[in-house]
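The structure under discussion appears below in the form of structure tokens.
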Amino acid sequence: MDRSREARRDGAKQPRPKPPSSSRLTFKARGNRRKQLGSVWSRLPKPAVIVDACGRALRRSVPGLIGVAVLATVGGTAWAGYRFVTTSPRFAITSIEVTGNRQLQADQIIASLPAHVGDNVFATDLDGVVRELRQNPWVEHAEARRVLPHTLSVVIREHVPAAVVELGGLYLVDSAGHPFKRAELAVDDGAGLPIITGLDRAAFNASPDATATQIRAALDALARWQEVAERPSIGELHLSTHGALTLVSYEQAISIQLGTPDATLANRFATFDATWAELSDSERRRTRAIHLDAKSDQVTVAFATPEKVQ
């Protein structure tokens, strides 16, 4: 160490170390890759191999090709058949039959249909026919079917009106309690049917099912009332806001107040029958109200004064 320091102080240059005679890093010259890889044609498979591969691929694709051909043939045949039956005059409609109608006239129904005589029976849209039929308020259910080769058959079921209900206007109502058509008095809609009054239109709009339940209860009470021929004919059924039922007779407009229709209704009818049988003809003409709504075995009869009886 001391000598090297002294040598540095003297400015003497030290000899550089000589490189080793052989290095571990050696460089080899690249060979000719083209000679090693050969030409492009030499790398291609032999023609026999190509032919064999193509043959195997063709044999595997034959079933699929046959299936496609069969489907194309069937599809083409089906399309040709469809075109024939939907355009051929051999399947033109010559008659439209309507069954099940009572209120509606057959000619009226046929005129409203989107199908006409002369149209192709297969090209007729049966769903469209049914949709058009259901637009009529009288129609509750409708069906349409083809009767080959020339007939379109229409089967309908109409609503059966059971009463007329006042709901801010007069409407026909069926036995289920559902209004289905506005009553047209000019064409005698609802002729001979009792009228149901006292219902609120706003309450009906808020809860149609609850209103239908009230109407059914009133109609059931009327049906039980009509089981005895000696009882007066009823022209009006009035329902109060609390559900109490009052029957109003056609003649003399006698109010028969029954109260809420419940399990005691039969007893109230029996009480009425006994009371009605005891009244003379003159007393019946003077009767204005019969109250059966207090108790099923009690009755109160209200008479008109003699000078008011006509």
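Each value in this text was obtained by applying a stated rule to the coordinates, not by laboratory testing. Just so we're clear, the structure is a prediction, and the values are computed from it rather than from any experiment. All Cβ positions, even for glycine, are placed from backbone atoms using ideal geometry, and neighbour counts span all protein chains on display.
One table, with the values for the structure above:
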{"item": "Net +/- balance of residues flanking Gly177 in space, Cβ distance below 13 Å, scoring K and R +1, D and E -1", "result": "-2"}
{"item": "Near-label residues of the stretch 132-157 by backbone N, under 18 Å of a point 7 Å along Cα→Cβ of Ala92", "result": "147-152"}
{"item": "Ser233 paired with Ser112, simple spin-label distance in nm, labels 7 Å along Cα-to-beta-carbon", "result": "3.0"}
{"item": "Inter-site label distance for Leu126 and Thr213 at 7 Å from Cα along Cβ, in nm", "result": "3.9"}
{"item": "Of all DSSP beta bridges in the stretch 161-308, antiparallel share, percent nearest 5", "result": "70"}
{"item": "Nearest-0.05 FRET efficiency for Val155 and Val187, computed from C-beta distance (R0 35 Å)", "result": "0.90"}
{"item": "Two-site label geometry, Phe303 and Asp262: point separation in nm, points 7 Å out along Cα→Cβ", "result": "3.2"}
{"item": "The stretch 154-212: GluC sites (Glu not before Pro) in DSSP coil with no more than 11 other Cβ atoms inside 10 Å", "result": "Glu184"}
{"item": "Gain in span if fully extended, His242 to Arg145, counting 0.36 nm per residue against the direct Cα distance", "result": "30.1 nm"}
